[in-house]
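Where a number appears in this text, it was derived from the coordinates with a stated rule and is not lab data. Quick caveat: nothing in here was measured; it's all calculated off a predicted structure. Don't worry about glycine lacking a Cβ; one is built from the backbone with ideal geometry, like all the others, and counts go over all protein chains shown.
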Amino acid sequence: MDTARWQQLSSWLDQLLELAPAARQLRLQRLSAQDPTLGRELEHLLQQEADSHEFMAQPLWTATPPGRAGSEVGPYRLLHPLGEGGMGEVWLAERCDGLYQRQVALKLLRSGVADPGLRQRFGRERQILARLQHPHLAQLLDAGVDQHGQPYLALDYVEGEPISDYCRRLQPPLEARLQLMLQVCAVVSHAHANLVVHRDLKPSNILVRADGTVKLLDFGIAKLLDHDDPNAAHPATEIRAFTLHYAAPEQVRGEAVTTLTDVYSLGVVLFEVVTGHKPYRLRRHSDAEWERSILDVQAPRASALLQRLAAEPGAPKRALQRQAKRLRGDLDVLLEKALQKDPQQRYSSAEALAGDLRRYLQGQPIQARPPGVGYRVRKYIGRHRWGVALATLSVLALLLTTSIALWQARQARVEMARAQAMQDFTVGLFDKAASQRHGHFDVPQLLATGQQRGEAELADQPLALAELQGVIGRLRIGLGDYQLALQTLDQQRRLLQEVGEVPPALQIEAVTQRGRALRMLGRGRECLAHLQPLQPLAASEAAALPAAVAEFHSQLGRCQAQLGDADAARRSFQQALALRHQGLVERFGRAESLADLAALEATAGRLPAALAGYRQALALLGQRADASSPQVISLHRQLGDVLARQGDTKAAAAELEQAWQAAQDAWGPRHPEALVVRRARALLALQRGQYALAGQELRQVQAQLLGALGPDHREIGYGEFALGKWASASDDPSAAAAHYARAVAIWRQPDHIALLPQALLAQGQALQEAGQTAQARSVLAEARQLLLAQRGPQAPALQELDARIAALAQAEQRIDSTAAR
């Protein structure tokens, strides 16, 4: 039957079926009188409608079984519905007979269905799935009949999304989309090899899982070629069981389907996957218009469709034009062949379509295009573009050798001049300082003088000047002058922004050190915002610059840890450790990364793990390490802190004494890092009952840190927290509450919010001891909210905290009742 004839019959049939039987018969008689052939064909179709499988002889719906969710179907318990179609329901179910545990997608006839045609299709789907075994197919696991006599199929539960939605959401590159379609073609080809035609290929039946693998679903209307009689009428329930938007012309006409029908549907899905749109643009959205398009309208070229969409107002013009350019040529031809109206003009199989997709991805000529010398040459050049390019370059090299040599020589002279300028400048700077001060250096003044001279003498060499500013900024961090260091590194940053091309090593070093200065100033959020944009460059340069990239990840992790993001910090520290390979030089870097990871354990309260980490780092440094190096000083201080928290005050005192002596030698007693060590010694004295000494030391340290860091620094908050401990141990809860309140005020800043819960807990305890029950309960309630937000409902401290808040509430009630009497 040709297209025109089918459309004429379809139109008359729709009209006749809408009439009452008597009116229908009268209208049919009039048509037969005008066109006997048309009348006979319509009468035959109406008789098929009435007789086929005793349509409507039985009720389509029976009594609905009891509530589905939670009920058992065979050995499975229904959890919740996953989807529903005209024929069946699909439920997420779990095995409940105790043999083993597994979740499945359980397919059932819709509740109440009693039509034998649907049952026939359901049985056929079971038969089809039983013969198919493929990794990209939702596998049949079990089948049976439930307690209500309804059949069921247990299939692999596939968590994924339709292939069109997946591509629309993630916007993967064209090559990735085609690889997905190759998976689809492979499983469809497997079905065809087993004499199965799917007949309903569409995106909702093709799910993409999180790992990027495809699963094909729903063989509910599939056809067994070796069992089905192509001339036999199908059950009435199979009329239009397929999805019209993806149907082949022969399906619309009601003709016999073959494997070429699936090839057409694959073409429609492929068109939508690569363009994001279906191939036909309708004048009006109706089934009749879809039928007309499928039967009569030639699908547009994919590239032409995208070009037309790019011209529409508000469309992402450039992106669509780039996409159209990729599709123009081979993919246009490939899609055109898959979407041919005549089945014999399409690809001969799903495997043939897949073969052209693979050839396109490999840069080879596709078989859908007519062979031609020019086309094959272009494909050869595209496939071997590097070889052709190298061959061309080898010819040009004879002409370019002299120019390249001259350019390289010039670049070498520039690098040598920059290195010589840095060397001459540094030697001259120290020579002049030594002659003026007879060999004794005022380091801060020397750095200030060097920066002034550098700006004057290296003005014509911006990269050399930027390197000098980076060195001076790093030295100022070492001196504890963090604010001045940041100003210097800001100058370096502005200079590098003006330079056209900055070497990656200098770029990574500059960003890393500026992030370090921001962190030392307690500005963790700024540090993170400054470092994160450089992560792609760091990743690309990891192999060439492992030490610099490792230091970048270390500073990034410390900023993340300072903001309370322990998981992100751990990932950064582990990346740094992985880059620090075996070797003498990297021994110090690995020790640094181990100490960073141990600090996370200490913060989380896992003290044995922290202690092991710190000791491993010290053992790695061995005897060769300078006892007064910042790294060794920090390790001894951190070891002392952990030992003190474990109650081993003797061992803690030995570690802290060693750190204190080395800190004085390395930095002097007023350096911020030295003052942190001194405060740790004072807290240990407090722990050992030396209250007077502890109080005196803590006050002096706090005064000196205020002068060095300013009143809002996180270390000032630590100082107030320590003074609160001292006041509490000295039986002065009111003074302790005041110190804790000042720590709370400092740590309320967004950069320090991770520290706030411990200050609130301590403040609440002090207020409770001071008899200020209502205030204590309010503070502890705020602490609870923060702990819940930061650590989740399973945080160990929450249960104890709830008990304390409840006890305070009861105490308030007793006080109120006493006052009322």
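Of ASP142, ASP218, how do they rank once you tally other Cβ atoms within 10 Å and put the fewest first?
So the ranking, lowest neighbour count to highest, is ASP142, ASP218.
Viscosity 1.306 mPa s, temperature 10 °C: give me the Stokes-Einstein translational D for segment 437-515 in µm²/s, with Rh taken as the Kirkwood radius over C-alpha pairs.
124
Fewest Cβ neighbours within 10 Å first, please rank LYS725, LYS650, LYS317 accordingly.
LYS650, LYS317, LYS725
Which three numbers, in whole Å and largest first, are the semi-axes of the equivalent ellipsoid of segment 481-610 derived from its Cα gyration tensor as √(5λ)?
Those come to 25, 18, 12 Å.
I'd like to know which of LEU479, GLN491, ALA448 lies farthest towards the positive end of the charge dipole of segment 440-501, counting +1 on Cβ of Lys and Arg and -1 on Cβ of Asp and Glu.
Farthest along the dipole direction, towards plus: LEU479.
Can you compute the modelled spin-label distance between GLU800 and GLN631, with each label point 7 Å from Cα toward Cβ, in nm?
Result: 3.7 nm between the two label points.
Quickly work out the GLN483-to-ALA176 label distance, labels modelled 7 Å from Cα along the C-beta direction, and quote it in nm with one decimal.
According to this spin-label approximation, the distance is 4.8 nm.
Write down Rg/Rh for segment 710-820, rounded to two decimals, with Rg from the C-alpha atoms and Rh from the Kirkwood relation over Cα pairs.
Radius of gyration relative to Kirkwood radius: 1.01.
Tell me the net charge near GLN768. Cut-off is 9 Å between Cβ atoms, GLN768 excluded, with +1 for each Lys or Arg and -1 for each Asp or Glu.
Summing Lys/Arg as +1 and Asp/Glu as -1 gives +1.
Would you please classify the overall shape of segment 731-792 from the alpha carbon gyration tensor, given that a ≥ b ≥ c denote the square roots of the eigenvalues, rounded means a/c under 1.5, and beyond that prolate means a/b larger than b/c while oblate covers the rest?
oblate
Using Cα-Cα distances under 8 Å and only pairs 6 or more residues apart, what relative contact order does segment 120-215 have, in percent?
Relative contact order of segment 120-215: 33 percent.
What FRET efficiency do you get for GLN127 and ARG168 if R0 is 30 Å and r is their Cβ-Cβ distance, rounded to the nearest 0.05?
According to the calculation, E is roughly 0.30.
For a quick check: sort SER730, SER189 by the number of other beta carbons within 10 angstrom, fewest at the front.
Sorted ascending by nearby Cβ count, the order is SER730, SER189.
Is the shape of segment 114-186 rounded, prolate or oblate, going by the alpha carbon gyration tensor and its root eigenvalues a ≥ b ≥ c, with a/c under 1.5 for rounded and a/b larger than b/c for prolate?
prolate
Decide, for segment 614-690, between rounded, prolate and oblate: order the square roots of the alpha carbon gyration tensor eigenvalues as a ≥ b ≥ c, take rounded if a/c falls under 1.5, and otherwise choose prolate if a/b is larger than b/c, else oblate.
In terms of gyration-tensor shape, oblate.
Too long at a 26 Å Cα-Cα cut-off: which of LYS215/LYS325; LYS278/LYS317; LYS215/LYS341?
Violating the 26 Å limit, Cα to Cα: LYS215/LYS325; LYS215/LYS341.
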